Amino acid sequence: MNLLIDVSFGENYVFTPDAVREAAGVDRLSDLRNRHIRELPAVENLHTPAIRNALIYILRDSVRKREKLWLLPMAAEAYAEWVDWLDGEVIEKLGPEQEAQGQIIAPYGISPLKLVSFLANRKNPDDLDFLRKSLHDIDGLHLTAGVYRQVVNAGVRVIERSKFVRVATTPKFIAYAVVLIYSALRALPVTFVKEFEGSLAVLWAIDLGTAIPYTWGIITMVTAKRLWLRLVGIVVTVVTFIAPYLYFGSHGNNYPLHVIAIVTVLILVTFGWETYRVKADKYVETVLTSPPDLMI
């Protein structure tokens, strides 16, 4: 179950999947790809000019590529240096301590955008100089709306974009837009089904009204840590999934075979896609938790 799921980062370490997901800021583990993660060595001597310049370049490149996480496997000494620089914030532990390369190491993660936000808010002169050198003239589309405002307020010159353009080009907005457009278009073929006796406007409203709750339910039932919340996610998913089909089925009679076949195909495609996503989540979780000699 690795179709198009290219996840092999940190293959020498064991991770806590939820910690990786939360640190990377993704809803589901299957949203992660190798291109979202940048593996860094255990960087030491952070305040030397050479290391500082290297981090300036790395941060700029990461923001441009929309990378979600830096992966830093570190021993205690290297971790202490990062804590000294970042006051213990931003750095997130991604897995247990483990033996690697003859020493005890733990995998840590830093979100590039969280790092930018932290430095911009702290407003230390050295931090602001670091940000100006890292992000000068960078496209504002590479920053979230909140981070964009923080960076501009910190005096960093970036290529300005309107709020609408920045929001409309974010992956999450696009994902929800696709769901809404699909839901809106799904009701159109019903106009050609003369056996349907209900209101097309009502069916359309049900389709649109259940799209976002359905997406929330899917994510919640897969990622929620509390059992009761997962159960709520399952209920919301089931109810919002069957609502338009239930209305369609209860407001018509003697549907022809081809209409029943199309509805069946739509249900099976949706079920198949969500089954694939769940299996993809499990696959990534297995990869992250497998010891190096058991990697699949």
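At-a-glance table
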| read-out | value |
| --- | --- |
| Scope the stretch 146-167; condition surrounded by 13 or more Cβ atoms within 10 Å (Cβ to Cβ) and either part of a helix (DSSP H, G or I) or at pLDDT below 90 (or both); matching residues | Val147, Tyr148, Arg149, Gln150, Val151, Val152, Arg161, Arg166, Val167 |
| Selection within the stretch 8-32 - surrounded by fewer than 21 Cβ atoms within 10 Å (Cβ to Cβ), part of a loop (DSSP other than H, G, I, E, B) and under 9 Å from the mean Cα position of the chain (by Cα) | Gly25, Val26, Asp27, Arg28 |
| Filter result for Leu135 (out of contact with any strand residue (DSSP E or B) (no Cβ under 8 Å at 6 or more places or on another chain) and either at positive phi or surrounded by 13 or more Cβ atoms within 10 Å (Cβ to Cβ) (or both)) | no |
| Members of the stretch 287-296 found to be surrounded by fewer than 18 Cβ atoms within 10 Å (Cβ to Cβ) and either at pLDDT 90 or above or within 16 Å of the chain's Cα centre (by Cα) (or both), listed by number | Thr289 |
| Residue within the stretch 71-86 that is on the phi < 0 side of the Ramachandran plot, more than 13 Å from the chain's Cα centre (by Cα), among the aromatic types (Phe, Trp, Tyr) and assigned to a loop (DSSP other than H, G, I, E, B) present | no |
| Members of the stretch 92-117 found to be outside any strand (DSSP E or B) and under 18 Å from Ser134 (Cβ atoms), listed by number | Ser111, Pro112, Leu113, Lys114, Leu115, Val116, Ser117 |
| Single residue of Val284, Val263 found to be surrounded by 13 or more Cβ atoms within 10 Å (Cβ to Cβ), more than 30 Å from Asp18 (Cα to Cα) and among the β-branched types (Val, Ile, Thr) | Val263 |
| Residue under evaluation Ile212, criteria (1) farther than 15 Å from Thr270 by Cβ; (2) touching a helix residue (DSSP H, G or I) at 6+ places or on another chain (Cβ under 6 Å), criterion not met | (2) |
| Condition broken by Leu113, with the remaining ones in (1) under 24 Å from the mean Cα position of the chain (by Cα); (2) among the aliphatic types (A, V, I, L, M); (3) farther than 27 Å from Val151 by Cα satisfied | (3) |
| Yes/no for Val287 being under 26 Å from Gly109 (Cβ atoms), touching an Asp or Glu at 6+ places or on another chain (Cβ under 7 Å) and either part of a helix (DSSP H, G or I) or hydrophobic (A, V, I, L, M, F, W, C) (or both) | no |
| In the stretch 35-63, residue nearest to Glu92 (Cα to Cα) [restricted to those that are loosely packed, with under 13 Cβ neighbours inside 10 Å and not aromatic (Phe, Trp, Tyr)] | Pro41 |
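The values are calculated or read from the model by the stated rules, or taken from the named source; none is laboratory data. All values derive from a computational prediction rather than experimental measurement. Heads up, the Cβs are rebuilt from the backbone with ideal geometry, glycines too, and the neighbour counts pull from every protein chain shown.
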